[in-house]
Amino acid sequence: MKERWKAAIKDKKFRIHAIASITLAIILFNTFPRFFEWVEARHGYVLNDIVLNAFTPMDVSTATFAFLYSGIIFALVFLIPHPKHFLLAFEIYLLMLTMRIVTIYIVPLNPPSTMLPLEDPIGTAIAYGGKFVTKDLFFSGHTGTLCALFFGMKNNWGKVVVLICVTIVGSCVLLQHVHYTIDVLAAPLICFILYRIVMIRWKKDIL
C-alpha cells in the first residue's frame with residue numbers, strides 16, 4: 001500500500017487533483033455552518049409525498065447510523081489501498097456536497113410535518129456548526145455520501161456491500177420521514193452523473 005501511495009504522489013496529475021480536492025474541502029466545510037444556518041431560517045415548502053403518506057413514521061435512527069458509518073468505514077478500508085480510487089471517491093463526494101448546496105439553495109423545502117428528528121452527532125459537528133438542521137433536504141446527504149463511495153470503488157464484491165448500505169440508509173430516512181422520496185431517489189442519480197463527469201478526467205488513469 002505504501003508503494004502505491006508513493007507512486008501516486010509522484011504523479012503530477014494525481015497531485016494536482018489532490019491539492020484541488022483538499023482546497024475545495026476546506027472551502028466547503030468553512031461554508032457549511034453559515035449556509036445551513038441561513039437555510040434553516042428561511043421559509044420552505046412542504047411536499048405532498050404519496051409514499052410517506054402511506055405509512056406512519058418510525059424511529060430507526062440506530063439502524064440509519066449503524067449502516068451509514070459501517071458503510072463509510074467499510075468503503076474506506078477498500079479505497080485506502082488504492083490511491084487513485086480513493087481520490088476519485090473523494091472528488092465525487094466533494095462535488096456531491098457542492099451540488100447539495102446548489103440544489104438546497106434552489107429548492108427551499110420544509111421537512112415533512114410527520115418527521116421524527118434524526119440527529120447525526122458527527123454530521124452536525126462537522127457540517128452544521130453543532131446546530132440541528134432539518135431543512136437540508138434536496139437531496140439526501142446521507143444517501144449521497146454512500147453513493148459517492150460506491151461509485152469510487154473498484155468493481156468487486158465490496159461495492160455490493162456498500163450498495164446494500166445505500167439501500168438501507170435511504171429506506172431508513174424515508175421510514176423516519178426525515179426526507180421526501182425525491183430527496184432519496186435523486187441522490188444516486190446525481191452521484192452517478194458526477195461520477196461520469198469526474199471519469200472524463202480520470203478515465204485513462206483509473207480504467
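The values are calculated or read from the model by the stated rules, or taken from the named source; none is laboratory data. What you see is a predicted model; the values in this text were computed from it and never measured. Cβ sites come from the backbone with ideal geometry, for glycine too, and all protein chains shown count toward neighbours.
Let's see how each residue does on (1) under 18 Å from SER70 (Cβ atoms); (2) crowded, with 22+ Cβ neighbours inside 10 Å:
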| residue | (1), (2) |
| --- | --- |
| LEU149 | yes, yes |
| ASN155 | no, no |
| LEU174 | no, yes |
| CYS191 | no, yes |
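Scanning the range 93-100 finds no residues that are surrounded by 15 or more Cβ atoms within 10 Å (Cβ to Cβ), in contact (Cβ under 8 Å) with a residue 12 or more places away in the chain, under 28 Å from ILE164 (Cβ atoms) and touching a Lys or Arg at 6+ places or on another chain (Cβ under 9 Å). Within the range 98-120, the presence of at least one residue that is more than 18 Å from PRO188 (Cα to Cα), in a helix (DSSP H, G or I) and not aliphatic (A, V, I, L, M) is confirmed.
Annotation note: of ILE126, ILE106, ILE164, ILE190, the sole residue that is modelled with pLDDT of 95 or more and over 26 Å from PHE55 (Cβ atoms) is ILE106.
Residues are listed down the side, and each one gets a yes or a no for (1) over 16 Å from the mean Cα position of the chain (by Cα); (2) closer than 30 Å to ARG42 by Cβ:
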{"residue": "GLY71", "(1), (2)": "no, no"}
{"residue": "PRO81", "(1), (2)": "yes, no"}
{"residue": "HIS85", "(1), (2)": "yes, no"}
{"residue": "ALA89", "(1), (2)": "no, no"}
{"residue": "TYR93", "(1), (2)": "no, yes"}
{"residue": "MET96", "(1), (2)": "no, yes"}
{"residue": "ARG100", "(1), (2)": "no, yes"}
{"residue": "MET115", "(1), (2)": "yes, yes"}
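Can you say whether ILE9 is in contact with a Lys or Arg (Cβ under 7 Å, 6 or more places away or on another chain) and assigned to a helix (DSSP H, G or I), as far as the supplied structure shows? Against the criterion (in contact with a Lys or Arg (Cβ under 7 Å, 6 or more places away or on another chain) and assigned to a helix (DSSP H, G or I)), ILE9 qualifies.
Answer yes or no: is there a residue in the range 81-91 that is loosely packed, with under 15 Cβ neighbours inside 10 Å, assigned to a helix (DSSP H, G or I) and either touching a Gly at 6+ places or on another chain (Cβ under 6 Å) or not charged (D, E, K, R) (or both). No, that holds for no residue.
Mind checking whether some residue in the range 33-42 is within 29 Å of LEU163 (Cβ to Cβ) and either in contact (Cβ under 8 Å) with a residue 60 or more places away in the chain or surrounded by 10 or more Cβ atoms within 10 Å (Cβ to Cβ) (or both)?
Within the range 33-42, the subset within 29 Å of LEU163 (Cβ to Cβ) is 36.
Okay, now just the ones that are also either in contact (Cβ under 8 Å) with a residue 60 or more places away in the chain or surrounded by 10 or more Cβ atoms within 10 Å (Cβ to Cβ) (or both), so 36.
Checked against the condition, which is being within 29 Å of LEU163 (Cβ to Cβ) and either in contact (Cβ under 8 Å) with a residue 60 or more places away in the chain or surrounded by 10 or more Cβ atoms within 10 Å (Cβ to Cβ) (or both), the range 33-42 yields at least one hit.
Six or more apart or on different chains, Cβ atoms under 8 Å: show the pairs whose first residue is in the range 54-65 and free of Cβ contacts under 8 Å to residues at least 60 places away in the same chain and whose second is assigned to a loop (DSSP other than H, G, I, E, B) and of a type outside the set (Gly, Ala, Ser). These pairs meet every condition: THR56/THR114; PHE65/ASP120. Does PHE29 meet the test of being in a helix (DSSP H, G or I), touching a residue at least 60 places away in the same chain (Cβ under 8 Å), surrounded by fewer than 15 Cβ atoms within 10 Å (Cβ to Cβ) and within 16 Å of the chain's Cα centre (by Cα)? Yes; evaluated as a whole, the condition is true for this residue.
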